[in-house]
Amino acid sequence: MGFLNTGIPNDTAPDPLNNANVPELEKSLLRWKQEWLATQYPVELQKVVRRIIDDRDAQPISNAVCLGISGQQGTQDRDLLQFVVFSQIVAQLANANPILLSNIVVQDPQMTPDMRALFLNHGCQIMESPAAFAEVEPNTFLFSPFVEPMYLFLGLKDQSVDRLALFVGNGADLVRQVENGEPDDDDIVEDMLWDVYCEFRDLPCDRPNGKDYNDAGPMQGLQGLDMWWRKARTNDEHGQDERFRFAVYHGFTSTRADFNSAYNFDFGLFSEAFQNRAIYSFIAALYNLTKILFGLYVGTYGPGSITDQQKRYETAVNDHILDVKEGLFSGKFIDYFKSGRRR
């Protein structure tokens, strides 16, 4: 089972756990590697990462960003086990794209000097907060175990998380917190962790209390963590993703397959404004129980070919667009349509 190599080869030193030249933190890390390798979980993790590599074949992961591992007293064992897992994932991903080994950055404002030395010995670059967030891009592996949402979301606010290749962290917990209204950053969570686009698995580990984090068992640093990744997408496919997300946000309830079929009728060639009109009109039709597939609907929606049935909803669409422009309404089209605000 591969892990990140070290600059000073502590794990190959004679009797490293009893070698005075090996730093104590490195010895603790070696013990955690032994604990980890004595379980079935490294093999299970290896299988998941192999799937991720296959799914990202067209756009392999090219950099890794690790947040929230400080090595502070009281969390040191938890942090070291998390680093063991991070190290295994990065080493395996690097087999598919070796450039990754030159692009590993870590950040924690409370990082201890010993932890800093350990990271550097494993080929990682240290960045001062919040610089590492700027390294997050579409082909990034982001490892963020239990970073407080207020800090995580603030740092990711302007980053390309809507195409993020791989996220390992307490994703289900982040989704739950946002659904409960705190913090108010549902757009970022939806971008990162929306299961319409992402595959996800629980991170393999002991879970004595199910998916919830608790202080029980030797693997408490991994409880509650999951893995979310996206298949590599072409620009065309990403464009479809964006329009589908827009449609769902505004009340579209038909299937993804039906939405994709609209592109067979040149929906992707419509102007953005005309795409919006088609989506709004179709949402209104669905609300009024018109039974038709979106793909077929779009097939007769091109400029100059709007059917009488579709014309029924054009007034509502026009009113909505005008009210949005005049600042009279800022919500979803489906809410506007249901509210009776149509003139």
Quick check: anything in the range 182-192 open to solvent by 20 Å² or more (accessible area, probe 1.4 Å), under 16 Å from GLY68 (Cβ atoms) and not assigned by the TED database to the domain that holds ARG243? no
Quick check on this structure: which one of GLN46, GLN88 is at pLDDT 95 or above and either of a type in the set (Phe, Trp, Tyr) or surrounded by 21 or more Cβ atoms within 10 Å (Cβ to Cβ) (or both)? GLN88
Of the conditions (1) under 28 Å from the mean Cα position of the chain (by Cα); (2) open to solvent by 70 Å² or more (accessible area, probe 1.4 Å), the single one that GLU242 does not satisfy is (2)
Output the residues belonging to the range 243-259 that are part of a helix (DSSP H, G or I) and touching a residue at least 24 places away in the same chain (Cβ under 8 Å). ARG243, PHE244, ARG245, PHE246, ALA247, VAL248, TYR249, ARG256, ASP258, PHE259
Could you tell me whether any residue of the range 114-121 is within 14 Å of the chain's Cα centre (by Cα) and either free of Cβ contacts under 8 Å to residues at least 60 places away in the same chain or not assigned by the TED database to the domain that holds VAL43 (or both)? no
Flagged in the range 1-29 as hydroxyl-bearing (Ser, Thr, Tyr) and over 34 Å from the mean Cα position of the chain (by Cα), in numbering order, are THR12
The conditions are (1) at pLDDT 95 or above; (2) in a helix (DSSP H, G or I); (3) surrounded by fewer than 19 Cβ atoms within 10 Å (Cβ to Cβ), and ASP162 fails exactly one of them. Which is it? (1)
Report whether or not ASP173 is acidic (Asp, Glu) and over 25 Å from ILE52 (Cβ atoms). no
Can you tell me which of PHE333, PHE270, PHE274 is closer than 30 Å to GLN59 by Cα and out of contact with any strand residue (DSSP E or B) (no Cβ under 8 Å at 6 or more places or on another chain)? PHE270
Which residues, taken from the range 47-91, are touching a residue at least 40 places away in the same chain (Cβ under 8 Å) and on the phi > 0 side of the Ramachandran plot? GLY68, GLY71
Of the residues in the range 3-42, those that are assigned by the TED database to the domain that holds ASP202, more than 18 Å from PHE119 (Cα to Cα) and not small (Gly, Ala, Ser) come to GLN34, GLU35, TRP36, LEU37, THR39, GLN40, TYR41, PRO42
Would you please name the residue that is surrounded by the fewest Cβ atoms within 10 Å (Cβ to Cβ), looking only at residues in the range 264-318 that are aliphatic (A, V, I, L, M) and part of a loop (DSSP other than H, G, I, E, B)? LEU289
Could you identify the single residue in ARG176, ARG201 that is modelled with pLDDT under 90, of a type outside the set (Phe, Trp, Tyr) and either part of a loop (DSSP other than H, G, I, E, B) or open to solvent by 10 Å² or more (accessible area, probe 1.4 Å) (or both)? ARG176
Considering residues that are in contact (Cβ under 8 Å) with a residue 12 or more places away in the chain and surrounded by 13 or more Cβ atoms within 10 Å (Cβ to Cβ), the number found within the range 9-26 is 8
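The values are calculated or read from the model by the stated rules, or taken from the named source; none is laboratory data. Since we're looking at a predicted model, the values are computed, not measured. Cβ coordinates were reconstructed from backbone atoms using ideal geometry, including for glycine residues, and neighbour counts include every protein chain displayed. SASA here: full protein model, heavy atoms, side chains in, ligands and nucleic acids out. Shrake-Rupley method; radii C 1.70, N 1.55, O 1.52, S 1.80 Å.
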